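A.B. asks: I have a structure here, written as structure tokens, and I will follow up with some questions on it.
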Amino acid sequence: MFFNYPMNESNGNDDLPLCCHKCGTELKPGEGNFYLVKIEAMADPTPPSFSEEDLHRDFKAEIRRLLHQMRDLSEREAMDQVYRRLILYLCNPCYRQWIENPVVC
């Protein structure tokens, strides 16, 4: 699980050690043994293009349809479809491996 808070914010578990998100190695702030990686992802920010047909649609009906389609999504699930920010803590070895190929799952 990835945590979405910076180091100086409390996660409610101040007694828990900070660990590498990949291998679990305990990280010690101030010793230079880890990287803080911030990832920001957002849906395509390009404005949509509209056809002449689109301009003549019933917009109220379209909004109702979209709201109905989203009715079972939580606020978080809906927001994750548009924007997501992650903060990862990686030890030095895991960071060196990750930075060379960050898209490997």
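A.B. asks: If you check N4 against the conditions, is it at pLDDT below 95, in contact with a Lys or Arg (Cβ under 9 Å, 6 or more places away or on another chain) and of a type outside the set (V, I, T)?
C.D. replies: Considered against the rule, which asks whether it is at pLDDT below 95, in contact with a Lys or Arg (Cβ under 9 Å, 6 or more places away or on another chain) and of a type outside the set (V, I, T), N4 comes out as yes.
A.B. asks: In segment 12-54, how many are of a type in the set (D, E) and within 23 Å of R84 (Cα to Cα)?
C.D. replies: Total satisfying the criteria: 2.
A.B. asks: Also, I was wondering about something else. Inside segment 23-64, can you point out the residues that are surrounded by 11 or more Cβ atoms within 10 Å (Cβ to Cβ) and either in a helix (DSSP H, G or I) or aliphatic (A, V, I, L, M) (or both)?
C.D. replies: L27, L36, V37, I39, D54, E62, R64, listed by residue number.
A.B. asks: Which count do you get for residues in segment 74-105 that are farther than 14 Å from C20 by Cα, basic (K, R) and in a helix (DSSP H, G or I)?
C.D. replies: So the answer is 1.
A.B. asks: Which pairs have Cβ atoms under 7 Å, sit 6 or more apart or on different chains, and link a residue in segment 25-49 that is within 15 Å of L88 (Cβ to Cβ) and in contact (Cβ under 8 Å) with a residue 40 or more places away in the chain to one that is of a type in the set (V, I, T) and assigned to a strand (DSSP E or B)?
C.D. replies: These pairs meet every condition: L36/I87; K38/I87.
A.B. asks: Being β-branched (V, I, T) and either in contact with an Asp or Glu (Cβ under 6 Å, 6 or more places away or on another chain) or under 22 Å from Q97 (Cβ atoms) (or both) is the filter here; which residues of segment 18-74 pass it?
C.D. replies: T25, V37, I39 - these are the residues of segment 18-74 that are β-branched (V, I, T) and either in contact with an Asp or Glu (Cβ under 6 Å, 6 or more places away or on another chain) or under 22 Å from Q97 (Cβ atoms) (or both).
The values are calculated or read from the model by the stated rules, or taken from the named source; none is laboratory data. Keep in mind the model is a prediction, meaning the values are calculated, not measured. Here Cβ is always computed from backbone atoms with ideal geometry, including for glycine, and neighbour counts include all displayed protein chains.
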